[in-house]
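Quick notes on the structure that follows.
Every read-out reported here was derived from the displayed coordinates using simple, explicitly stated rules and does not represent laboratory data. Remember, predicted model here, so these are calculated numbers, not experimental data.
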Amino acid sequence: MIFVSALQVDKAVFFTATITVTAFLPLFTMTGVEGQIFGPMARTYAYALFGALAATFTVTPVLASLMLPEACRGGRDLGRAQAARDLYAGLRWALDNTKLAIGGGLIFLVISVLVASRLGTEFLPALEEGNFWIRAQMPPTISLDSGTEATRKMREICSGIRK
């Protein structure tokens, strides 16, 4: 029974995970600051999904066959199965009333487009690209007063360049 159940959902689970990873493709292709920020997150999410898929198709059926009580394996109905049937009754209603279901979906789509059009395009703070990043290395034997004086001179020179 567990093997048959796993075979019934294998393609759906695989394609669901594939679609989710595909939604992250723009994050994989980002470059610059955005790529450095969001790239590791996208890769981690994809690795986690593929690991979950491997566990779903290998470990989960074995654990289910070992841990589920005999009553479940014998086909006796559980309360959760009735809840799933009720959920599918809602799906049956949507299939029987396709015009209403599609109309409701289109209304939500229009609302989503209107809300999305009001969102800003910036999601990262403005970068200070005109600034200089200068590092100076001084001898380890320099005194604090001499280092402070040298730093002041460097700042004066740089502020003169900026103008």
Discussion item. Give me the extension gain from Ser143 to Ser112: residue separation times 0.36 nm, minus the current Cα-Cα distance, reported in nm with one decimal.
Written reply: 4.8 nm
Worksheet item: Whole number please: convex hull volume per residue of the Cα set in the range 1-59, in Å³?
Response: 52 Å³
